[in-house]
Amino acid sequence: MARIPLLMGNWKMYKTVAEARAFAEALGQQSAALGDDVEYAICGPFTTLHVLRVMLPTQVKLGAQNVHPEKEGAYTGEIAPGMLAEFGTKYVLAGHSERRMLFGESDQLVNQKVRAILEAGMTAVLCVGENSSQKQDGITKEVVTGQVRHGLEGLTAEQVAGVVIAYEPVWAIGSGKTATPDDAQYVAKEIRAIIAEKHGADTASQVRILYGGSVKPDNIASFVAEDDIDGALVGGASLDPTSFVAMAEAVRGVVR
Ligand code: PEP
């Protein structure tokens with residue numbers, strides 16, 4: 001089964017409602033450039049989700065950046081999976097490196113989030129990646145495959161097939177540095193291999209693996225052209241509609 005490429009924006013803590021509306025309007029004017037051969041999503045701050053849902057072109061799905069694993073409860077400041085699902089959210093990030101590093105999210109919590117996202121009927125985007133000292137120590141493969149194994153613990157093969165994995169070297173996020181396409185492909189292949197080991201080659205072949213880390217319009221094609229890379233998770237360059245469309249066109253150029 002062919003994997004549909006996915007271009008996903010992560011807005012982090014950027015954009016007011018007015019700014020999100022302006023983005024959606026601008027993207028709407030260029031929606032013909034998006035086509036229907038690639039899937040798109042924007043993970044906006046919670047306050048922007050309503051305007052994005054109403055105004056984004058239909059090809060662009062709604063994503064959230066975080067969720068609490070419990071269905072409901074006394075968790076001030078948190079948001080439940082069912083709340084996001086009811087709202088029309090399709091994708092939810094779990095284990096973004098900023099959440100792991102700045103908010104102390106463990107592999108165990110990330111796994112609970114992945115399961116909760118799936119139980120609520122949404123698609124989990126499990127983010128994994130090594131930091132610079134792990135890269136220097138030559139343990140990228142061990143770190144990343146370990147995060148994948150923990151993140152997918154307790155899932156059925158059918159559930160795993162629908163998960164998206166974002167390989168994002170921590171040192172490449174927001175730094176202007178990227179992995180080489182060869183290195184990113186090597187890690188993506190290892191991710192697929194570890195999934196195949198546990199759940200079989202057929203399941204592994206269905207999982208979409210994204211690269212993330214300083215992806216821009218002028219480098220995205222080189223990653224998506226790799227056999228095991230099915231799209232990109234993009235921070236900074238997803239904030240500008242012109243840049244988003246340029247990345248969409250670059251991905252479509254590879255797909256064709
Ligand atoms: C990200 O936020 O996941 C990311 C990859 O950011 P950037 O594209 O800005 O490096």
**Message:** For the range 52-183, what does the relative contact order come out to in percent, with C-alpha contacts under 8 Å and a separation of six or more?
**Reply:** 22
**Request:** For residue 234, enumerate residues with amide H under 5 Å from its amide H, sequence gap 5+ or separate chain, H modeled in the peptide plane.
**Result:** 8, 9, 10
**Prompt:** Amide H to amide H, which residues 5 or more places from residue 61 or on other chains are under 5 Å from it, using H placed in the peptide plane?
**Reply:** 40, 41, 42
**Request:** In whole Hz, with x marking every Gly and Pro, tabulate ³J(HN,Hα) for the range 96-107 from phi via Karplus 6.51 cos²θ - 1.76 cosθ + 1.60, θ = phi - 60°.
**Result:** 4, 4, 5, 5, 5, 7, 8, 10, x, 6, 8, 4
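Which of the GluC sites (Glu not before Pro) found in the range 27-75 are loop residues per DSSP with 14 or fewer other Cβ atoms within 10 Å of their Cβ? Spell out each step's value before the answer.
Working: sites: 39, 70, 72; in loops: 70, 72.
Sites meeting the loop and neighbour criteria: 70, 72.
Using helices alone, I'd like the mean residue ellipticity at 222 nm for the chain: each DSSP H run of four-plus residues gives -39500 (n - 2.57), total over residue count, nearest 500.
Details: 12 runs with 113 residues, N = 256.
Here the helix-only value at 222 nm equals -12500 deg cm²/dmol.
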**Spatial separation of Cα centroids for the range 183-256 and the range 15-79, in angstrom** = 20
**Asked** Regarding the chain, what is the average projected area of its C-alpha convex hull, in nm²?
**Response** 12.5
**Request:** Could you list, in their original order, any pairs among 113/198; 177/198; 15/141; 15/90; 15/135 whose Cα atoms are separated by more than 27 Å?
**Result:** 177/198; 15/141; 15/135
**Complete:** HN-Hα couplings for the range 202-213 via Karplus (6.51, -1.76, 1.60; θ = phi - 60°), in whole Hz with x for Gly/Pro, come out as 5, 4, 4, 6, 8, 6, 8, 10, 9, 9, x, x
**Item:** Rounded to the nearest 20 debye, dipole of the range 74-195 from Cβ charges on Lys, Arg, Asp, Glu
**Value:** 120
**Request:** At most 15 other Cβ atoms within 10 Å and a DSSP loop assignment: could you name the trypsin sites (Lys or Arg not before Pro) in the range 142-250 that fit?
**Result:** 177
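At most 10 other Cβ atoms within 10 Å and a DSSP loop assignment: could you name the chymotrypsin sites (Phe, Trp or Tyr not before Pro) in the range 80-174 that fit?
Working: sites: 87, 91, 103, 167, 171; in loops: 87, 103.
Sparse-neighbourhood loop chymotrypsin sites (Phe, Trp or Tyr not before Pro): 103.
Nearest 0.05, what FRET efficiency do residue 177 and residue 202 give at R0 = 45 Å with Cβ-Cβ as r?
On the way: r = 35 Å, r/R0 = 0.79.
E between residue 177 and residue 202, to the nearest 0.05, is 0.80.
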**Request:** Apply the Karplus parameterisation 6.51 cos²θ - 1.76 cosθ + 1.60, with θ equal to phi minus 60°, to every residue of the range 86-94 and state each ³J(HN,Hα) to the nearest whole Hz, in sequence, with x for glycine and proline.
**Result:** 4, 7, x, 6, 9, 10, 9, 6, 9
**Asked** Taking amide hydrogens as modeled 1.01 Å from N in the peptide plane, which residues meet the under 5 Å criterion relative to residue 208, leaving out close sequence neighbours?
**Response** 165
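Taken together, the values in this text are just the output of simple stated rules run on the coordinates, not laboratory data. All figures in this text were calculated on a predicted structure; none of them were measured in a lab. Ideal geometry is used to build each Cβ from the backbone, glycine not excepted, and the neighbour counts take in all protein chains shown.
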